[in-house]
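Written out below as C-alpha cells is the structure these notes cover.
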C-alpha cells in the first residue's frame, strides 16, 4: 500500500470517528425513543440529593415532554414538577405500577430485593415515611398511575417519596440524559 493511500485511509478513519462522536453527543439520546414529543433542554443540577450520580452544578440534557410519548421505566432519572412548587426536581424512578413494596425493619424490599442507591447503600425509612408509602399500596403493590421516586440520599429525611408519597405521570415532565 502506498504512503498516499495509507494517509487517505487514516484521514478518513479519523474524520469518521470525529463525525460519529459529534453525532452521538448531539443525537445519541434519540436512539430507541420516540422523540416526537421531546424538547431537548439543558438543566442545571442544584443540590446534592442525587450525588454521586449527578453533582451540584452539573449540566445535563433534559428531554422535556419525554413521558408524553415514551414509557416510564424503573431506573430512569426523571425531571419532576409539582403544582405547589415553582422549581423542578431531578429524582430516580425507583418503582412503577405493579411493583411490590415490602418493608423490612427500616429498609424496603422492591420486588423481593432490598432497595439500594447507585453505590449499593440501602435506603432508610422512618415510621412516618413507611406510613406515607404504605397507605396507597394495594396488597403491597404500587397501584396504576403511581410512581415511587427516590433521591440518591439514603436518609429517611430526603426530599422524595419518603416525604411526599407517590407521584403521578403529570408530575414527570421529562427525563435526564447525561
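The values are calculated or read from the model by the stated rules, or taken from the named source; none is laboratory data. Values in this document were obtained by computation on a predicted structure and should not be read as measured data. A quick note on method: Cβ atoms are made from the backbone with ideal geometry, for glycine too, and the neighbour counts reach across all protein chains shown.
Does residue 130 satisfy being in the same structural domain as residue 39 (by TED's automatic domain parsing), in a helix (DSSP H, G or I), surrounded by 12 or more Cβ atoms within 10 Å (Cβ to Cβ) and out of contact with any strand residue (DSSP E or B) (no Cβ under 8 Å at 6 or more places or on another chain)?
Details: in the same structural domain as residue 39 (by TED's automatic domain parsing): yes; in a helix (DSSP H, G or I): yes; surrounded by 12 or more Cβ atoms within 10 Å (Cβ to Cβ): yes; out of contact with any strand residue (DSSP E or B) (no Cβ under 8 Å at 6 or more places or on another chain): no.
For residue 130, the condition - in the same structural domain as residue 39 (by TED's automatic domain parsing), in a helix (DSSP H, G or I), surrounded by 12 or more Cβ atoms within 10 Å (Cβ to Cβ) and out of contact with any strand residue (DSSP E or B) (no Cβ under 8 Å at 6 or more places or on another chain) - is not met.
Screening residue 82 on (1) loosely packed, with under 11 Cβ neighbours inside 10 Å; (2) over 14 Å from the mean Cα position of the chain (by Cα); (3) under 25 Å from residue 135 (Cβ atoms) shows it passes everything except condition (1). Looking across region 166-178, the residues that are part of a loop (DSSP other than H, G, I, E, B) and either within 21 Å of residue 105 (Cβ to Cβ) or at pLDDT 95 or above (or both) come down to 166, 168. Picking from residues in region 139-165 that are touching a helix residue (DSSP H, G or I) at 6+ places or on another chain (Cβ under 6 Å) and assigned to a strand (DSSP E or B), the one that is farthest from residue 120 (Cα to Cα) is 148.
Filtering region 115-123 for residues that are surrounded by fewer than 19 Cβ atoms within 10 Å (Cβ to Cβ), in a strand (DSSP E or B) and touching a strand residue (DSSP E or B) at 6+ places or on another chain (Cβ under 9 Å) leaves a non-empty set. The set of residues in region 50-64 being under 20 Å from residue 94 (Cα atoms) and in a loop (DSSP other than H, G, I, E, B) consists of 50, 51, 52, 53, 54, 55.
For the structure I just gave you, tell me whether residue 70 is outside any strand (DSSP E or B), surrounded by 11 or more Cβ atoms within 10 Å (Cβ to Cβ) and modelled with pLDDT of 90 or more.
Numbers: outside any strand (DSSP E or B): yes; surrounded by 11 or more Cβ atoms within 10 Å (Cβ to Cβ): yes; modelled with pLDDT of 90 or more: yes.
For residue 70, the condition - outside any strand (DSSP E or B), surrounded by 11 or more Cβ atoms within 10 Å (Cβ to Cβ) and modelled with pLDDT of 90 or more - is met.
Within region 86-100, the residues that satisfy the criterion of being at pLDDT below 95 and assigned to a loop (DSSP other than H, G, I, E, B) are 86, 87.
Exactly one residue among 47, 98, 75, 62 is surrounded by fewer than 18 Cβ atoms within 10 Å (Cβ to Cβ) and more than 20 Å from residue 155 (Cα to Cα), and that residue is 98. Restricting region 101-114 to residues that are loosely packed, with under 14 Cβ neighbours inside 10 Å and in a loop (DSSP other than H, G, I, E, B) leaves a set whose member that is nearest to the chain's Cα centre (by Cα) is 111.
Residue by residue, here is whether (1) surrounded by fewer than 18 Cβ atoms within 10 Å (Cβ to Cβ); (2) under 18 Å from the mean Cα position of the chain (by Cα); (3) assigned by TED's automatic domain parsing to the domain that holds residue 106 holds:
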position	(1), (2), (3)
138	yes, no, yes
143	yes, no, yes
146	no, yes, yes
149	no, yes, yes
153	no, yes, yes
160	no, yes, yes
170	yes, yes, yes
